[in-house]
1. Of the conditions (1) part of a loop (DSSP other than H, G, I, E, B); (2) within 13 Å of Phe21 (Cα to Cα), Ala132 fails just one. Which one is it?
2. Taking only pairs six or more apart or across chains, which ones have beta-carbon atoms under 8 Å, a first residue in the range 1-14 that is surrounded by 20 or more Cβ atoms within 10 Å (Cβ to Cβ) and part of a strand (DSSP E or B), and a second residue that is polar (S, T, N, Q) and modelled with pLDDT of 95 or more?
3. Suppose the filter is surrounded by fewer than 21 Cβ atoms within 10 Å (Cβ to Cβ) and free of Cβ contacts under 8 Å to residues at least 60 places away in the same chain; does Ala38 pass it?
4. Given the conditions (1) closer than 16 Å to Phe202 by Cα; (2) outside the structural domain of Gly168 (by TED's automatic domain parsing), and given that Gly35 satisfies all but one, which numbered condition is not satisfied?
5. For the subset of the range 102-120 comprising residues that are touching a strand residue (DSSP E or B) at 6+ places or on another chain (Cβ under 9 Å) and within 22 Å of Pro26 (Cβ to Cβ), which member is surrounded by the most Cβ atoms within 10 Å (Cβ to Cβ)?
6. Is it fair to say Asp140 is surrounded by fewer than 18 Cβ atoms within 10 Å (Cβ to Cβ), of a type in the set (D, E, K, R) and over 16 Å from Gly119 (Cα atoms)?
Amino acid sequence: MSDTEFTAVTTCMFDAYGTLFDVHAPVARVAARIGENADAVSRLWRQKQLEYTWLRSLMGEHVVFWQVTGEALDYALAAHGIDDRPLREELMDLYLTLDAYPDARQALADLKAAGFTTGILSNGSPGMLNAAVKSSGLADHLDYVLSVEDVGIFKPDNRVYQMVIDCGSARAAGDVCFVSANTWDAQAAANFGFQVARINRFGLADENIPGRPKRLLGLLNELPGALAAKN
């Protein structure tokens with residue numbers, strides 16, 4: 001992917017899970033109880049969480065992200081032969097207080113100080129997002145927290161990305177810099193018309209689907225400088 005400059009951005013909208021919040025933090029906190037399969041459980045939990053959102057959207061069977069997260073965890077635990085109800089409940093509780101990545105708070109603070117409107121656009125249900133934003137200390141740096149529950153379908157449906165315009169945070173898609181560490185989300189947002197920065201937390205190549213981010217960044221704290229360069 002060849003980087004290009006951002007132009008006339010007024011609003012920065014962020015994916016939540018995997019971009020601002022560390023989705024592997026819950027399992028990491030109880031890894032000793034899970035044992036050698038802890039990392040594999042966490043990866044499978046996340047994989048199934050995403051797959052279930054896509055499948056439910058295609059099937060027209062929407063439920064809140066909290067239910068999807070629980071169903072994905074049940075699959076991951078069963079796949080590794082773990083039958084431990086207290087552990088399952090603790091992992092779900094920990095998902096409400098996810099750690100923010102170390103680069104998240106300062107990046108948001110710098111963007112706010114530079115005059116950008118900031119917000120979250122997420123699959124998460126309002127209760128999940130509000131809990132994570134509060135526990136992570138990011139609330140003061142966000143103008144909007146948008147949940148797909150307002151449109152009743154998960155990303156990457158275009159109705160989700162349209163919410164950013166409909167809420168009044170930006171006048172047009174081209175005014176928005178959308179930020180995600182999830183390749184499919186970043187590319188879908190670019191295909192919608194946003195200017196996109198993909199945070200390459202996981203060392204992944206672009207997917208072979210429509211849409212290309214403008215910039216590939218290593219960390220969130222590189223974003224304010226990238227926007228200031230030509231904006």
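1. The failed condition is (1).
2. Thr11/Thr117; Thr11/Thr118; Cys12/Thr117; Cys12/Thr118; Met13/Thr118; Phe14/Thr118; Phe14/Ser180
3. Criteria met by Ala38.
4. So the condition that Gly35 fails would be (1).
5. Ile120
6. So Asp140 fails the test.
The values are calculated or read from the model by the stated rules, or taken from the named source; none is laboratory data. All values derive from a computational prediction rather than experimental measurement. All Cβ positions, glycine included, derive from the backbone under ideal geometry; neighbour counts span all protein chains shown.
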